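Below: the structure, in structure tokens.
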Amino acid sequence: MSGISQEDVAHLANLARINIPTKELGHYASQLDAILNAVAVVSSLDTSNVAAMSHPVPMTNVFREDIPGVSLTAEQALSGAPAVEDERFRVPRILDEE
Amino acid sequence: MSDLIRKDASELAGLVSSGEVSAVEVAQAHLDRIAAVDGAVHAFLHVDTKGALASAAAVDVKVKAGDKLSVLAGVPLGLKDILATNGLPTTCGSKVLAGWIPPYDATVVTKLREAGIVILGKTNMDEFAMGSSTEHSAFGPTHNPWDLERIPGGSGGGSSACVSAFEAPLAIGTDTGGSIRQPAAVTGSVGVKPTYGGVSRYGLVALASSLDQAGPCARNVLDTALLHSVIAGYDPMDSTSINSPVPDVISAAKRGDIKGMKVGVVKELGGEGYQAGVRSRFDESVALIESLGAQVVEVSCPSFPAALAAYYLILPSEASSNLAKFDGIRFGNRVGDDGTKSVEQVMSETRAAGFGPEVIRRIILGTYALSAGYYDAYYGQAQKVRTLIKQDFDAAFAKVDVLISPTAPTTAFKIGEKLDDPLAMYLNDVATIPVNMAGLPGMSLPIGLAPEDNLPVGLQIIAPAMADDRLYNVGAAIERELLAKWGGPILGLAPELAGA
């Protein structure tokens, strides 16, 4: 498996929406490279006939009865929001300017 | 120092229900203790004096009225700051949630409140439960009451420290890879990670959803069982909750009879890499278990050496997805929103300012492991290793009733020692991680002090899914012998804290 470069870290940080300062990219890259080398052990096991397991308790389609219950009021749901307007979450602009 | 703080939870509950001592007196004694020692220990991020005294007063009203009380009514508790509490701050040890006050209670919290348990406050933790030392808390580390220069374990170091510093007889932790058991081991307290699905995760801020489980922390096996019985049970609000009866952990904790049981020592969890004093105390426990009439055999779990690696692919992958919601849009702090920046820029600045380095490392790692081209080699392969680990446990439990190992490879290390060496830090959980991977219940029980540093050592007991009662039966049998040998609880040997 391949190593992880500063450019990779910058790309992944962008995908994960974390603005890592350029001067810190090298430190993260070397730490992540060491971790990736260590976890590469997983490929040393023969898993050719092994099914993947995503969860300790296999369950499918866990549904509740479709009965209305008590839920948060708009005021409660918005109580922790950094910015609110007209009973809605106020967000920064989502489109580029023309 | 009030002697109320040294009493067991079960004893306190008895004093309160009989009216000998009021719940308010009990709460106040613990609040005084917190005021005296928590400056040095820093187990709590938030102390809710007003709320604690109010819920204690409510218990006293019930006592006076002769109402039926739950087994732990009036007993104080420290709550890990990862469980949502209506009206009380919930930070997960992160700046990104500093000041956030949830509008609802986690199911565990609802159950605690209904049982009349007095929540003293929220305990410190590694940020979003990522760590084994509590040093990754954005609000400063917690100190081990046995030696304030050492770590109390993590991520639930605040919960283990508040129990072992006599700030609370009970605490709630959460365990994703060992965050209840390893802190219990290094502080000389008892901690249990219940079967996955045995305790509701509703309102528990998710780190890795397929691994996380809340559980009880206390100073002895019976108190741990009592708290376990309060928080366990099916919850329709958690789709992974198991809809079957809660194992009778209280009876098991009172029984403590292991005659005729088969106990397996996991060959791969011990030996090289484990501190000499951890190994010698573990070997003594094995001899003790045999002397109590159980049969001890060695069992091999050949895929366990790869468990740590698989865990550090699965956990970051799930965490990178779970933590995407902390973007400063719907709750928490927002950074850089000056009216000119796009939502992506604001999210990126918010997350960079709000997350510490360990959280950033794991999000990046998870994003990498899930990316196209690497998914099969990393995340997919780790999931197959997870199956092998479960198969190893299945084969072992076909031969034995419980498995044992040391809980952690070393005793408590010095604060700062491993902070910038993630791989060294990850090794602390090498013996506890396989249990989470398979969703099994596990206990850490204090079994003595390592001769070379006089710090506590923990024994890990592992049982099959939904056989949590076996942990308490085995734990109680060993504890009874050790208490007789020591002449009292191991925490009696911990140094007195300044200010107390």
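Counting only protein heavy atoms, probe 1.4 Å: which residues of segment B:381-395 lose 20 Å² or more of accessible surface in the full assembly compared with their chain by itself?
Hits at the 20 Å² cut-off: B:381, B:383, B:384, B:385, B:386, B:387, B:388, B:390.
First select every other residue whose beta carbon is under 12 angstrom from the beta carbon of residue B:227; then total the charges, Lys and Arg +1, Asp and Glu -1.
Taking every other residue near residue B:227 into account, the sum is 0.
Before we go on, tell me the buried accessible area for the B/A pair, both chains summed, 1.4 Å probe, in Å² to the nearest 100.
So the buried area, both faces added, is about 4900 Å².
So which GluC sites (Glu not before Pro) in segment B:265-340 are both in a DSSP loop and have at most 15 other Cβ atoms within 10 Å of their Cβ?
In loop regions of segment B:265-340 (DSSP not H, G, I, E or B), the sparsely surrounded GluC sites (Glu not before Pro) are B:272.
May I ask you to rank B:181, B:480 by accessible area, largest first, using a 1.4 Å probe over the protein chains only?
B:480, B:181
Give the relative contact order (percent, whole number) for chain B; include only Cα pairs under 8 Å separated by 6+ residues.
18 percent
Give the Cα extents of chain B along the principal axes, in whole Å, largest first.
Between the extreme Cα coordinates on each principal axis of chain B lie 66, 54, 45 Å.
I'd like the carbon and sulfur percentage of the solvent accessible area for segment B:355-500, probe radius 1.4 Å, heavy atoms only, ligands and nucleic acids excluded.
For segment B:355-500, the apolar C and S fraction of the accessible surface comes to 56 percent.
Give the span of chain A's Cα atoms along each principal axis, as three whole-Å numbers ordered largest to smallest.
So the three principal-axis extents are 53, 44, 27 Å.
Quick one: Debye curve from the alpha-carbon atoms of segment B:302-342 only, equal weights, vacuum; give me log10 I(q)/I(0) at q = 0.22 Å⁻¹ to two decimals.
Each listed q maps to, in turn, -0.77.
Express the carbon and sulfur contribution to the solvent-accessible surface of segment B:216-313 as a percent, rounded to the nearest whole number, probe 1.4 angstrom.
On the way: 2010 of 3940 Å².
Carbon-and-sulfur percentage of accessible area, whole number: 51.
Which distance in Å, rounded to a whole number, links the C-alpha centroids of segment B:318-381 and segment B:244-310?
Going from one Cα centre to the other spans 39 Å.
Please calculate how many Å² of accessible area segment A:1-43 carries per residue, with a 1.4 Å probe and no DNA, RNA or ligand atoms counted.
Per-residue accessible area for segment A:1-43 comes out at 50 Å².
How many angstrom separate the Cα center of segment B:1-75 from the Cα center of segment A:35-98?
Cα centroid of segment B:1-75 versus Cα centroid of segment A:35-98: 37 Å apart.
Based on the Cα atoms of segment B:284-399, what semi-axes does the equivalent ellipsoid have, where each is the square root of 5 times one gyration tensor eigenvalue, given in whole Å with the largest first? Provide the component values of the computation, followed by the final result.
On the way: eigenvalues 385, 68, 19 Å².
In descending order, the three semi-axes are 44, 18, 10 Å.
Binning at 5 Å from 0, report for segment A:1-43 what percent of all alpha-carbon pair distances ends up in each bin.
The distribution over segment A:1-43 is 5, 24, 29, 21, 14, 6, 1, given as percents.
Kirkwood Rh over Cα pairs of segment B:378-453 into Stokes-Einstein at 20 °C, 1.002 mPa s: D in µm²/s?
On the way: Rh = 14.8 Å.
The diffusion coefficient I find is 145 µm²/s.
With a 1.4 Å probe and every protein chain left in place, tell me how much accessible area residue B:237 has, in Å² to the nearest 10.
110 Å²
So for the protein assembly as shown: antiparallel DSSP bridges make up what percent, rounded to the nearest 5?
The antiparallel proportion sits near 65 percent.
With heavy atoms of protein chains only and a 1.4 Å probe, what residues of segment B:68-113 have at least 30 Å² less accessible area in the full set of chains than alone?
Residues losing area: B:103.
Whole number please: convex hull volume per residue of the Cα set in the protein assembly as shown, in Å³?
162 Å³
With a 1.4 Å probe and all protein chains left in place, how much of the accessible area of chain A comes from carbon and sulfur atoms, in whole percent?
Working: 3520 of 6970 Å².
Carbon and sulfur: 50 percent of the exposed surface of chain A.
Measuring from a point 7 Å past the Cα of residue A:71 along Cα-to-C-beta, which residues in segment B:65-105 have an amide N at less than 17 Å?
From segment B:65-105, the list is B:103-105.
Give the Kirkwood hydrodynamic radius (Å, one decimal) of segment B:243-340, defined as one over the mean of 1/r across all pairs of different Cα atoms.
One over the average 1/r among Cα pairs gives 18.8 Å for segment B:243-340.
Dipole of the protein assembly as shown (Lys/Arg Cβ +1, Asp/Glu Cβ -1, origin at the Cα centre): which of B:314, B:121, B:132 lies farthest to the positive side?
B:121
Which far-off residues, 5 or more places away or on another chain, put their amide H under 5 Å from the one on residue B:466, with H placed in the peptide plane?
B:195
Quick one, what does Rg over Rh come out to for segment B:329-370 if you take C-alpha atoms and the Kirkwood Rh?
Reported Rg/Rh, Kirkwood definition of Rh: 1.04.
Using a ≥ b ≥ c from the Cα gyration tensor of segment B:319-475 (square roots of the eigenvalues), is it rounded, prolate or oblate, where a/c under 1.5 gives rounded and otherwise the larger of a/b and b/c decides, a/b for prolate?
prolate
Which loop trypsin sites (Lys or Arg not before Pro) in segment B:366-431, with loop taken from DSSP, have no more than 14 other Cβ atoms within 10 angstrom of their Cβ?
B:399
Just give the residues from segment B:286-318 buried by at least 50 square angstrom of accessible area in the all-chains context relative to the isolated chain, probe 1.4 Å, and say none if nothing qualifies.
B:309
Please give the per residue accessible area of segment B:15-133, computed with a probe of 1.4 Å over protein heavy atoms only, in Å².
33 Å²
For chain B, what is the calculated [θ] at 222 nm in deg cm²/dmol (nearest 500), taking -39500 (n - 2.57) for each run of four or more DSSP H residues and dividing by its residue count? Write out the running numbers ahead of the final one.
Working: 16 runs with 190 residues, N = 500.
It comes out at -12000 deg cm²/dmol, rounded to the nearest 500.
Go ahead and run the numbers for FRET between residue A:14 and residue A:55, Cβ-Cβ distance against an R0 of 45 Å, rounding to 0.05.
0.90
Between residue A:79 and residue B:484, what is the label-to-label distance in nm when each label sits 7 Å out along the Cα-to-Cβ direction?
5.3 nm
The values are calculated or read from the model by the stated rules, or taken from the named source; none is laboratory data. Computed from a predicted model, the values in this text were never measured in an experiment. Neighbour counts are summed over all protein chains in view; Cβ atoms, including those assigned to glycine, are modelled from backbone coordinates with ideal geometry. Just the protein is used for accessible areas: all its heavy atoms, side chains included, with ligands, DNA and RNA removed. Shrake-Rupley method; radii C 1.70, N 1.55, O 1.52, S 1.80 Å.
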